[in-house]
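K.L.:
Here you go, one structure.
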Amino acid sequence: MSRDTIAAIATPPGVGGVGIVRLSGAAVPAIAERFLGQLPVPRRALLRRFHADDGALIDEGLVLYFPAPHSYTGEAILELHGHGGPVVLDLLLQRVLALGARLARPGEFTERAFLNGKMDLARAEAVADLIEAGTAQAARAAMISLSGVFSQRVDALVEGLIELRMYVEAAIDFAAEDIDFLADEQIGQRLTELHQQLAQLRRDAGQGRLLRDGMTLVIAGRPNAGKSSLLNQLSGQDSAIVTAIAGTTRDVLRERIQLDGMPLHVLDTAGLRDSSDPVEQEGIRRAWREIDSADRILLVIDACEGIGAAEQAIRQRLPEHLPLTLVRNKIDLACLTPGEAEGEWGTEIRVSAKTAAGIDALRDHLKHCMGYTGGGEGLFSARRRHLDALERGGQHLTEARRQLDIMQAGELVAEELRLAQQCLGEITGSFTADDLLGRIFGSFCIGK
Ligand SMILES: Nc1nc2c(ncn2[C@@H]2O[C@H](COP(=O)(O)OP(=O)(O)OP(=O)(O)O)[C@@H](O)[C@H]2O)c(=O)[nH]1
Ligand SMILES: [Mg+2]
């Protein structure tokens, strides 16, 4: 493929011990020869002098040359390691641009690696996630994705879908001969297996996304349940106003905290009740808005009062599938033991936001919900884009099932399988729209 030769400063702006200018493309050997006098020996660090076009010495440093196709991008790559000053690096960059390279766009090196088949799209995204990782856990998960764990699981599912499609399509051909292969148990069984695998992958990817973006946790409940006190305990700060007056909190309060290296966005909201005060009404409206986009909700109740009609009503109104943790607060007044326990709604956490009893158990519970495993083994990073693709893939499998069971329509089953396969292909990039690539790589840093 003939493309421009691109160049960029690959190290961050500012001063540092070393700064790197990187080039990739077909013209790299020619540029290297003219700039350095001769083509460097491949994959060997060599000390060279860097001259301006008038012969003045710009810098002295190491050069590294990777001939195509054995490089990060799959094209010829040259790296110039100079001294890490912005002026020196800019002079080096201007020089190679004058010799025929053009300035690289953000992420263009990695985009070329993808286009040249060096890595699939999910792995390319993991490169950016690794660079941008805000916590050690997130970095580890990104590295696991980068090594191909996520992609392999997607590929295995795609393989399974292809096999099943072939089987269904063969069955359609035989149907002409009056043999009903669609009634074959195997098709339904295999479809169920694939659907389960996809659901598991969707769950794991969901955990991976939480690691990358953090979990948004909304604290909700009736007025005076102790929501603001709980936010203050979790954040370790006196962020929210706490009073004995019901209806204290109106605005949504946000705190970003870390649980063993995992980002958590905790939101305190107005107590939910019927109110005639317009300010409080607005607070309650905002509380519901946050609840609707939360990853998990902490429903706080007063242990002295227990679960009442108000809590039942709140639970009814929660978005379907929104995970919920019941927090029984004020156990210091109700004389309950702190920590995890089984209650009417299943597992609940008993705490005192006043004495901090049970708060560690709540933290452990939240870590567990986010997929914390101590070492972070196995957890791979994922993005919302991937979850959407898995979601849509799952819907096509549901539809395939319906076509099989109710309609006995082989062609439509095969078509749904094909669509599901296409959704999964979007994750690894075997099936992509051009604007998607622009969006993904455009958010990378320059020089990567
Ligand atoms: N004894 C005891 N009192 C608590 C506890 N948690 C909160 N309180 C008290 O309960 C009252 C209400 O606490 P807040 O944290 O303001 O409750 P809230 O749910 O944010 O209330 P609104 O903002 O009005 O919805 C305050 O007087 C707190 O001191 C607890 O665990 N034990
Ligand atoms: Mg409050």
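K.L.:
Working carefully through the options Arg49, Arg22, Arg44, find the one that is among the basic types (Lys, Arg), within 32 Å of the chain's Cα centre (by Cα) and assigned by TED's automatic domain parsing to the domain that holds Thr73.
P.N.:
Working: Arg49 fails: within 32 Å of the chain's Cα centre (by Cα); Arg44 fails: within 32 Å of the chain's Cα centre (by Cα).
Just a single option satisfies the conditions, and that option is Arg22.
K.L.:
Please tell me if Leu115 is touching a helix residue (DSSP H, G or I) at 6+ places or on another chain (Cβ under 8 Å) and hydrophobic (A, V, I, L, M, F, W, C).
P.N.:
Values: touching a helix residue (DSSP H, G or I) at 6+ places or on another chain (Cβ under 8 Å): no; hydrophobic (A, V, I, L, M, F, W, C): yes.
No, not satisfied.
K.L.:
Failed condition for Ala334, given (1) aliphatic (A, V, I, L, M); (2) closer than 17 Å to Gln233 by Cβ; (3) within 12 Å of ligand 1 (Cβ to nearest atom); (4) free of Cβ contacts under 8 Å to residues at least 60 places away in the same chain, with all others met?
P.N.:
Result: Ala334 fails condition (2) only.
K.L.:
Kindly establish whether Arg256 is away from ligand 2 (no atom under 12 Å from the Cβ), on the phi < 0 side of the Ramachandran plot, of a type in the set (D, E, K, R) and surrounded by 14 or more Cβ atoms within 10 Å (Cβ to Cβ). Break it down into steps so the answer makes sense when it comes.
P.N.:
Values: away from ligand 2 (no atom under 12 Å from the Cβ): yes; on the phi < 0 side of the Ramachandran plot: yes; of a type in the set (D, E, K, R): yes; surrounded by 14 or more Cβ atoms within 10 Å (Cβ to Cβ): no.
Answer is no for this residue.
K.L.:
Which of the residues belonging to the range 342-351 are crowded, with 17+ Cβ neighbours inside 10 Å, more than 16 Å from ligand 2 (Cβ to nearest atom) and either under 14 Å from Cys304 (Cα atoms) or among the hydrophobic types (A, V, I, L, M, F, W, C) (or both)?
P.N.:
Answer for the range 342-351, where residues must be crowded, with 17+ Cβ neighbours inside 10 Å, more than 16 Å from ligand 2 (Cβ to nearest atom) and either under 14 Å from Cys304 (Cα atoms) or among the hydrophobic types (A, V, I, L, M, F, W, C) (or both): Ile349, Arg350.
K.L.:
Filter the range 6-32 for residues that are β-branched (Val, Ile, Thr) and surrounded by 22 or more Cβ atoms within 10 Å (Cβ to Cβ) and give the result. Lay out the reasoning, then the answer.
P.N.:
Of the range 6-32, the ones β-branched (Val, Ile, Thr) are 6, 9, 11, 15, 18, 20-21, 28, 31.
Those that are β-branched (Val, Ile, Thr) and surrounded by 22 or more Cβ atoms within 10 Å (Cβ to Cβ): Ile6, Ile9, Val21, Val28, Ile31.
K.L.:
Does Tyr72 count as among the hydroxyl-bearing types (Ser, Thr, Tyr), part of a strand (DSSP E or B), under 30 Å from Arg123 (Cα atoms) and in the same structural domain as Arg112 (by TED's automatic domain parsing)?
P.N.:
Values: among the hydroxyl-bearing types (Ser, Thr, Tyr): yes; part of a strand (DSSP E or B): no; under 30 Å from Arg123 (Cα atoms): yes; in the same structural domain as Arg112 (by TED's automatic domain parsing): yes.
No, not satisfied.
K.L.:
Of the conditions (1) more than 10 Å from ligand 2 (Cβ to nearest atom); (2) out of contact with any helix residue (DSSP H, G or I) (no Cβ under 8 Å at 6 or more places or on another chain); (3) modelled with pLDDT of 95 or more; (4) not in a strand (DSSP E or B), Ala225 satisfies every one except a single condition; which number is it?
P.N.:
(1)
K.L.:
Another question about this same structure. Residues of the range 208-263 being within 7 Å of ligand 1 (Cβ to nearest atom) and either within 25 Å of Arg385 (Cβ to Cβ) or within 20 Å of the chain's Cα centre (by Cα) (or both), which ones?
P.N.:
Listed by number, the list is empty, since nothing qualifies.
K.L.:
Which strands (runs of 3 or more DSSP E) does the range 236-353 wholly contain that include 2 or more residues that are under 19 Å from Gly226 (Cα atoms) and not small (Gly, Ala, Ser)?
P.N.:
Passing ranges, in order: 253-259, 262-268, 296-302, 324-329, 346-350.
K.L.:
Now a separate question. Which one of Asp251, Asp238, Asp268 is more than 11 Å from ligand 2 (Cβ to nearest atom), acidic (Asp, Glu) and farther than 22 Å from Arg209 by Cα?
P.N.:
On the way: Asp251 fails: more than 11 Å from ligand 2 (Cβ to nearest atom); Asp268 fails: more than 11 Å from ligand 2 (Cβ to nearest atom).
None of the other options fit; the residue is Asp238.
K.L.:
Test Gln152 against the stated conditions and say whether it is assigned to a helix (DSSP H, G or I) and out of contact with any Phe, Trp or Tyr (no Cβ under 9 Å at 6 or more places or on another chain). Don't jump to the end; show me each part of the working.
P.N.:
Values: assigned to a helix (DSSP H, G or I): yes; out of contact with any Phe, Trp or Tyr (no Cβ under 9 Å at 6 or more places or on another chain): yes.
Yes.
K.L.:
Give the residues of the range 89-148 that are within 21 Å of the chain's Cα centre (by Cα), more than 19 Å from Gly442 (Cα to Cα) and part of a helix (DSSP H, G or I), sorted by residue number.
P.N.:
Ala136, Gln137, Ala138, Ala139, Arg140, Ala141, Met143, Ile144, Ser145
K.L.:
State whether the residues of the range 379-397 include one that is at positive phi and in a loop (DSSP other than H, G, I, E, B). Can you show your working first?
P.N.:
Kept after step one, since they are at positive phi, are these residues of the range 379-397: none.
No: the range 379-397 contains no residue that is at positive phi and in a loop (DSSP other than H, G, I, E, B).
Yes or no, residue by residue, for (1) farther than 21 Å from Gly358 by Cα; (2) modelled with pLDDT under 95:
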{"position": "Ile187", "(1), (2)": "yes, yes"}
{"position": "Leu194", "(1), (2)": "yes, no"}
{"position": "Gln197", "(1), (2)": "yes, no"}
{"position": "Arg202", "(1), (2)": "yes, yes"}
{"position": "Asp213", "(1), (2)": "yes, yes"}
{"position": "Gln233", "(1), (2)": "no, no"}
{"position": "Gln258", "(1), (2)": "no, yes"}
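K.L.:
Considering only residues of the range 264-290 that are more than 11 Å from ligand 1 (Cβ to nearest atom) and of a type in the set (S, T, N, Q), which is surrounded by the most Cβ atoms within 10 Å (Cβ to Cβ)?
P.N.:
To start, the set of residues in the range 264-290 that are more than 11 Å from ligand 1 (Cβ to nearest atom) comprises 264-267, 274, 276-279, 281-282, 285-286, 288-290.
Going one step further and asking which of them are of a type in the set (S, T, N, Q), we end up with 276, 281.
Details: Ser276: 6, Gln281: 14.
Checking each candidate, the answer is Gln281.
K.L.:
Going by what's in this entry, would Asp435 be described as closer than 28 Å to Ala138 by Cβ and modelled with pLDDT of 95 or more? Give the derivation first.
P.N.:
On the way: closer than 28 Å to Ala138 by Cβ: yes; modelled with pLDDT of 95 or more: no.
Here the answer is no, as Asp435 does not meet what is asked.
The values are calculated or read from the model by the stated rules, or taken from the named source; none is laboratory data. Since this is a predicted model, take the numbers as computed values, not measurements. When we count neighbours, we look across all protein chains shown, and the Cβ atoms used for this are built from the backbone with ideal geometry, even at glycine.
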